[in-house]
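Worksheet: the structure to be examined is printed underneath.
The values are calculated or read from the model by the stated rules, or taken from the named source; none is laboratory data. None of these values were measured; they are calculated from a predicted model. Please note: Cβ atoms are built from the backbone with ideal geometry, for glycine as well, and neighbour counts cover all protein chains shown. Side chains included, ligands, DNA and RNA excluded: accessible areas come from the protein's heavy atoms. Shrake-Rupley method; radii C 1.70, N 1.55, O 1.52, S 1.80 Å.
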Amino acid sequence: MVLAQLGGSISRALQQMSNATIIDEKVLNDCLNEITRALLQSDVQFKLVRDMQTNIKKIVNLDDLAAGHNKRKIIQQAIFNELCKILDPGKPSFTPKKGKTSVVMFVGLQGSGKTTTCTKYAYYHQKKGWKPALVCADTFRAGAFDQLKQNATKAKIPFYGSYTESDPVRIAMEGVERFKNENCDLIIVDTSGRHKQEAALFEEMRQVSEATKPDLVIFVMDSSIGQAAFDQAQAFKQSVAVGAVIVTKMDGHAKGGGALSAVAATKSPVIFIGTGEHMDEFEVFDVKPFVSRLLG
Ligand code: GDP
């Protein structure tokens, strides 16, 4: 179910309940089951949805509903709060400071949009007066360096990479070193992806992280991966110290549920979302407006 449809389904479930003459446990359960179904179809992880249903039942008091209070509003508020709770891990991620050197390492599966997102992140900061730089430590995917180089050139962002060196750790170290010397304040390291979670990928990530000592590791996740989001995000978190998440491809047929799962699995906030292939199709992520939109 795409984002726009989720709000509609939840609204319909709430409307049906509001229309019932008597609100008893069955009517409330029917409503919550309907909402649960909508969330699952939007790829929110099963356990998160189940916990949320239990919490809402604890919070919503049937007597209040029966007494003619605005039932729709009470339940809608409870759902809103629960979704915000899932998306807010309770502590903000490390935030780089302009003028002070930070190293930010990007990790994610191949095709997740990692390389595109590195440039978007650099471009976003450059427009705000930062001095970003891009390091291509992806030696696994043929053409990765060319892609980064092309993007970086278009955005006039300095870059570092190699056509001949095959050791990603070495490239990462050299690139970070160079840009530190050039007083760049945001050094972005793009790492290799793989088609699936593999031991070799995680080992490489660990080594690059060990060598470059990033201030922040950003996990990039494709919003269309569905119910696999939780396990994938957790696997990355177990290998490197993921501190923030960027969810890509939130345009088109995006389902929003994966974002909730990624936060729950990494205990890290979503900081930006990708909303298209272009450099400026990139938005700061705010929990409350996102959930409001989700609920329609
Ligand atoms: P990587 O293998 O993870 O580095 O992935 P790439 O950066 O090469 O991206 C894979 C594909 O996804 C490319 O065709 C990108 O243009 C596309 N892409 C990346 N981010 C977005 C996004 O937010 N929206 C859309 N529609 N496409 C995206």
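By how many degrees, between 0 and 90 and to the nearest 10, does the Cα long axis of helix 199-212 differ from the longest principal axis of the chain?
So the helix axis and the longest Cα principal axis differ by about 60 degrees.
Can you give the accessible area of residue 167, probe radius 1.4 Å, in Å² rounded to 10?
Using a 1.4 Å probe on the heavy atoms, I get roughly 60 Å².
Which pairs, out of 149/213; 98/267; 71/249; 91/249, put more than 31 Å between their alpha-carbon atoms?
In this structure, 71/249 exceed 31 Å between Cα atoms.
Quantify, in whole percent, the carbon and sulfur part of the accessible surface of the chain (1.4 Å probe; protein heavy atoms only). Intermediate values should be presented prior to the final figure.
On the way: 6900 of 13760 Å².
Carbon and sulfur together cover 50 percent of it.
Using helices alone, I'd like the mean residue ellipticity at 222 nm for the chain: each DSSP H run of four-plus residues gives -39500 (n - 2.57), total over residue count, nearest 500.
Values: 12 runs with 154 residues, N = 296.
Only helices count here, giving -16500 deg cm²/dmol.
Rounded to the nearest whole Å², what accessible area per residue is found for the chain with the 1.4 Å probe?
46
At 7 Å along Cα-to-Cβ for each site, give me the label-to-label distance between residue 203 and residue 30 in nm.
5.8
Using only the alpha carbons of region 185-257, what is the convex hull's orientation-averaged projected area in square nanometres?
For the Cα atoms of region 185-257, the hull's average projected area reads 5.5 nm².
Probe radius 1.4 Å, ligands and nucleic acids left out: which of 293, 194 has the largest accessible area, and how do the rest follow?
Reading off the accessible areas and sorting them downward yields 293, 194.
Only loop residues by DSSP count here, and only those with at most 11 other Cβ atoms within 10 Å; note down the trypsin sites (Lys or Arg not before Pro) in region 107-169 that meet that.
128, 156
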